[in-house]
1. Look at segment 71-85 and say how many of its residues are within 25 Å of Arg337 (Cα to Cα) and open to solvent by less than 10 Å² (accessible area, probe 1.4 Å).
2. Pairs needed: first member in segment 120-141, over 12 Å from Ser99 (Cβ atoms) and without any contact (Cβ under 8 Å) to a residue 12 or more places away in the chain; second member anywhere, part of a helix (DSSP H, G or I) and open to solvent by 20 Å² or more (accessible area, probe 1.4 Å); C-beta distance under 7 Å; at least 6 residues apart or different chains.
3. Just need a number here: residues in segment 291-307 that are open to solvent by less than 30 Å² (accessible area, probe 1.4 Å) and not hydrophobic (A, V, I, L, M, F, W, C).
4. When Arg281 is evaluated against the numbered criteria (1) within 26 Å of Ala332 (Cα to Cα); (2) open to solvent by 50 Å² or more (accessible area, probe 1.4 Å); (3) in contact with a Ser or Thr (Cβ under 9 Å, 6 or more places away or on another chain), which criterion, by number, is the only one it fails?
5. Tell me, please, whether a residue that is open to solvent by 30 Å² or more (accessible area, probe 1.4 Å), over 20 Å from Cys38 (Cα atoms) and among the charged types (D, E, K, R) can be found in segment 86-98.
6. Restricting attention to segment 213-228, and to residues there that are within 15 Å of the chain's Cα centre (by Cα) and touching a residue at least 60 places away in the same chain (Cβ under 8 Å), which single residue is farthest from Ala197 (Cα to Cα)?
Amino acid sequence: MSTTPAVPAGLPALPQHPDVDHWRPAVRADIDDIVALCRAMDPFDNPHRVTSRDEIADQFDHAWIDMAADSLLAIAADGTLVAYAMVVLSPSRDVSVYSYVFGGVHPAWRERGIGRVLLAWSLERSEQQLASVETGAPASSRAYVDERNPGAARLLERFGFGVARYFTIMERDLSAPVDEIDVPDGVRLEAYHPDVAERTREARNDSFRDHWGSLETVPAMWAQFVGGSHFRDDLSVVAIDDDGRVVGFTLAEVDEDSWSAQGFTSAYIALVGTVRDWRGRRLAPALLATALRRIQAAGLERATLEVDTASPTGALGLYERQGFVATTRDLAYVRER
């Protein structure tokens with residue numbers, strides 16, 4: 001473990017717990033220990049995935065995260081990392097302001113109250129973050145829990161969170177054929193390439209403006225997404241109209257670390273969208289079918305995605321018609337400020 005860094009003044013008081021020798025913010029040298037902790041928690045908290053090292057390392061590169069103020073590690077007397085927390089203020093803050101709470105306790109150290117004092121610190125930090133934004137926009141603390149993790153759900157509810165939305169995780173078996181769907185007139189489908197990055201970001205922001213909980217994706221966030229190690233240009237598809245505008249997209253990632261937990265190889269369809277003036281023309285089904293055939297041709301066994309079950313765009317029905325089936329759900333917990 002690294003040496004203990006100083007905790008900035010003005011932050012919430014550090015938690016107190018008899019089983020924790022000391023608390024401190026995370027530093028880059030802690031990345032591997034945090035990954036090991038997350039991977040110990042994953043079978044209990046997120047059984048369908050395995051935390052990747054890149055996922056944790058990227059947090060240290062986000063310009064909108066101050067690790068000294070927004071992270072906390074719980075260290076046992078023998079130097080073992082037994083719990084951690086991350087509190088992340090959304091970089092987009094004009095329409096709504098969100099502070100996301102992440103973290104957890106090693107399974108061998110649970111049922112001792114460590115999670116309770118850690119969450120109390122996290123929420124105090126979350127309140128500080130929300131209070132620092134002076135736009136007057138609605139503000140809330142948010143957390144996501146797999147429905148197979150009732151202990152985390154109960155803890156959040158104890159601190160005033162309530163379930164605001166359900167997100168269904170779906171899978172599509174690619175051993176079954178993928179239907180051919182005609183592409184609408186006035187648009188062409190292409191594999192995603194960096195030249196359309198900004199146009200695709202603009203299309204993403206337009207198409208998700210009426211989605212629950214969605215904020216504008218700022219350029220820095222977008223660059224990290226499409227430039228990330230999991231993003232796959234060759235499995236992602238964009239629709240470009242006659243004026244050169246990106247009007248729809250299906251963007252995919254491949255995380256080989258999670259294949260062992262899933263029991264199959266897969267691509268994760270991270271984003272599917274159509275700008276609002278192109279809705280109702282069956283562009284989204286054509287995009288999705290094209291992406292599925294690309295994933296199928298790559299030799300992957302399944303495609304996975306996550307969908308808001310109450311989405312006003314009818315996304316759930318779109319995926320069901322394309323052969324996706326529901327597996328489990330993530331619960332979106334919200335505590336309004």
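The values are calculated or read from the model by the stated rules, or taken from the named source; none is laboratory data. All values derive from a computational prediction rather than experimental measurement. Cβ atoms come from the backbone with ideal geometry, glycine included; neighbour counts cover every protein chain shown. To get the accessible areas, we keep the full protein, side chains included, count just its heavy atoms, and leave off ligands, DNA and RNA. Shrake-Rupley method; radii C 1.70, N 1.55, O 1.52, S 1.80 Å.
1. Just the residues of segment 71-85 that are within 25 Å of Arg337 (Cα to Cα), to begin with: 71-72, 84-85.
Then keep just the ones that are open to solvent by less than 10 Å² (accessible area, probe 1.4 Å); that gives 71-72, 85.
Counting residues in segment 71-85 that are within 25 Å of Arg337 (Cα to Cα) and open to solvent by less than 10 Å² (accessible area, probe 1.4 Å) gives 3.
2. none
3. Step one: of segment 291-307, the residues open to solvent by less than 30 Å² (accessible area, probe 1.4 Å) are 291-292, 295, 300, 303-305, 307.
Restricting the remaining residues to those that are not hydrophobic (A, V, I, L, M, F, W, C) gives 304.
The total comes to 1.
4. (1)
5. Start the filter on segment 86-98 by keeping residues that are open to solvent by 30 Å² or more (accessible area, probe 1.4 Å), which leaves 91, 93-95.
So of that shortlist, the ones also over 20 Å from Cys38 (Cα atoms) come out as 91, 93-95.
Keeping just the survivors that are among the charged types (D, E, K, R) gives 93-94.
Scanning segment 86-98 turns up at least one residue that is open to solvent by 30 Å² or more (accessible area, probe 1.4 Å), over 20 Å from Cys38 (Cα atoms) and among the charged types (D, E, K, R).
6. At the first step, the residues of segment 213-228 found to be within 15 Å of the chain's Cα centre (by Cα) are 213-217, 221-222, 224-226, 228.
Then keep just the ones that are touching a residue at least 60 places away in the same chain (Cβ under 8 Å); that gives 213, 215-217, 221, 224, 228.
Details: Gly213: 23, Leu215: 18, Glu216: 15, Thr217: 12, Met221: 12, Gln224: 11, Gly228: 13 Å.
Residue satisfying both the conditions and the ranking: Gly213.
Matching residues to (1) within 15 Å of Arg188 (Cβ to Cβ); (2) assigned to a strand (DSSP E or B); (3) out of contact with any Phe, Trp or Tyr (no Cβ under 8 Å at 6 or more places or on another chain):
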position: Leu235; (1), (2), (3): no, yes, yes
position: Gly244; (1), (2), (3): yes, no, yes
position: Val247; (1), (2), (3): yes, yes, no
position: Trp259; (1), (2), (3): no, no, yes
position: Tyr268; (1), (2), (3): no, yes, yes
position: Val272; (1), (2), (3): no, yes, no
